[in-house]
Each structure stands twice: as C-alpha cells, then as structure tokens.
Amino acid sequence: LRSVLLRPAKVPSSTALSEQEEIWIDAWDEFVVSMRENCGVDRLPGFPLWADDWVLPADLLIPCDTPKWKSDFLVKNAGFYGAHKRYIDSWTKKWGVYSAKFPPSRRKFEWQAQDTRSLWEAVIQLRPSGIRAKRPTYLPALVAITQTSIIGSERRRLAPREAARLQGLPDWFEFGDQSDAATFKQLGNGVSVGAVWHVLLETVNRYEKILGESCPGLVEAVMAAPKDPDAALSALR
C-alpha cells in the first residue's frame, strides 16, 4: 500500500474526511483500543457488531422467521454485550451512539484487521452495511459504487491516482477533467492489467501443449509479448 500513496503535496482536497466521519472513526477507534487495554479482549470478534441489537442474553427475542445467519449474529452480539456491558454502556453514552449523530449504518462495525492496534491504523470503509476495518496490508477491491477506502494512517480517503496505481495504470495516464466519482467508477469497473497478464501467462505456460494444438497463434503471441505490461504501456506514450 505504501508504494501507491501520493506525497502530501499532491493529495487532492477531495480525499479529506468530514468532521462527522472523523467522529464516527474516533468513537470506534476508542472502542477498539479500550476493548484490548481495559476489557481484556485480545482480539475483537470476527462477527459484525450491531449496537442496535445489544441486549442481555436473557432479554434477547428473535422472531421465528429470522434467517439462521442473522439469528447466530444476534446471539453472539447479545453474548458480547453481556460480557462487556459496563464499558459498552459508558462508551455509547459518551459518544452519543444512539443519537442522530450516528445513523444506523454507523452503529454497525466489522473488524477484519486482526491484530492491528487501532482503527486509525487500519484501512476503513464506510459502507451502507456498516464500518468495516481491514489490515493496512490489504485494500478492498475497487468497486463501481462509491465506497472509497480510507487510509487510516493518512486520515483521508484513497485518491484517484492511488486507485489508478492499484489497477496497474502508469502515472502518465490521465482521466481528463471528469469528476473523481466518474474516475472511481471507471476503475471499479476495470481490472488490473498486471494481474490479468500474470494469470494469462501462467495459464498458457501450464496448458502450452494443448493450446499449441488448438490455438497456436495465441501461444506465440503470449510468449513473444513483453514480460512486463508496464513496459508495453510506456512505449505507447
């Protein structure tokens, strides 16, 4: 991830987080850190945490038509809340988690960052289904809809140029004067040239004999092509 990041002077203002977004992340960051340091939780649960469904196990009511996957999550959330009720109650009150400041989607949290020490050290997505955290060695797939990843350590969103680098596009490639949203949509609908080329090359190598009989021209073209697609792209400048 570090290899694709822009220098601060080149980061566009459109990557900045809003004040409210920083509050949501600050709140859940405190939750992550305190769970480890004050509540003795070595690793946060792998299931999604749903603040709107935090009740004591004895008070949990699950409608009979609830899907099993959701029932399992409700049971796990109730157990988690029961084990940490004192801290959770103080945390939700401090940050106003059940107020209008936190819409329902920001009361849901999914920790997939393993041993990452804090939320601000993770890669974050503010999704309609909740806030999701990933390890900083991993970046979620680019998608055509706008769920641009937040680089926690940079305290900002991914820039279009950084997303282009992740897709294997050289820095000289330009998107014209179109909006960032349109650029991210293009990148989300695209694929990484380098990744596709690697898969194609390895497939041809593995099935060279079969392909040589059925598609000899394909094998010859692949074998004669540059091993590095970036070199071929640079030649087009």
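Restricting to segment 36-65, count the residues that are part of a loop (DSSP other than H, G, I, E, B) and open to solvent by 30 Å² or more (accessible area, probe 1.4 Å).
Applying the first criterion (part of a loop (DSSP other than H, G, I, E, B)) to segment 36-65 yields 38-48, 54-56, 60-65.
Narrowing the set further to residues that are open to solvent by 30 Å² or more (accessible area, probe 1.4 Å) leaves 38-40, 42-43, 46-47, 55-56, 60-65.
Result for segment 36-65: 15.
Evaluate segment 23-35: report whether one residue or more is of a type in the set (D, E, K, R), exposed (fewer than 15 other Cβ atoms within 10 Å of the Cβ) and not in a helix (DSSP H, G or I).
no
From the list W69, W111, exactly one residue is hydrophobic (A, V, I, L, M, F, W, C) and touching a residue at least 24 places away in the same chain (Cβ under 8 Å). Which is it?
Values: W69 fails: touching a residue at least 24 places away in the same chain (Cβ under 8 Å).
The conditions single out W111.
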In segment 148-159, which residue that is assigned to a loop (DSSP other than H, G, I, E, B) and buried (at least 18 other Cβ atoms within 10 Å of the Cβ) is farthest from the chain's Cα centre (by Cα)? A159
From the options Q147, Q167, residue that is polar (S, T, N, Q) and closer than 16 Å to L17 by Cα: Q147
Cβ-Cβ distance below 7 Å, separation of 6 or more or different chains: which pairs start in segment 1-25 with a residue that is over 14 Å from A164 (Cα atoms) and end on one that is of a type outside the set (A, V, I, L, M, F, W, C) and part of a helix (DSSP H, G or I)? S14/D180; W24/R106
Are there any pairs with C-beta distances below 7 angstrom linking a residue in segment 149-173 that is within 12 Å of L6 (Cβ to Cβ) to a residue that is aromatic (F, W, Y), with the two at least 6 apart or on different chains, and if so which? P160/F175; P160/F184; A163/F184; A164/F173
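Can V143 be described as in a loop (DSSP other than H, G, I, E, B) and of a type in the set (V, I, T)? Give the derivation first.
Values: in a loop (DSSP other than H, G, I, E, B): yes; of a type in the set (V, I, T): yes.
For V143, the condition - in a loop (DSSP other than H, G, I, E, B) and of a type in the set (V, I, T) - is met.
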Determine if segment 119-139 includes at least one residue that is among the hydroxyl-bearing types (S, T, Y), at pLDDT 95 or above and over 11 Å from the mean Cα position of the chain (by Cα). no
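The values are calculated or read from the model by the stated rules, or taken from the named source; none is laboratory data. In this text the structure is predicted, and so the values were computed from the model without any measurement. Note that we place each Cβ from the backbone using ideal geometry, even for glycine, and neighbour counts take in every protein chain shown. Heads up: the accessible areas ignore ligands, DNA and RNA and are worked out on the full protein's heavy atoms, side chains in. Shrake-Rupley method; radii C 1.70, N 1.55, O 1.52, S 1.80 Å.
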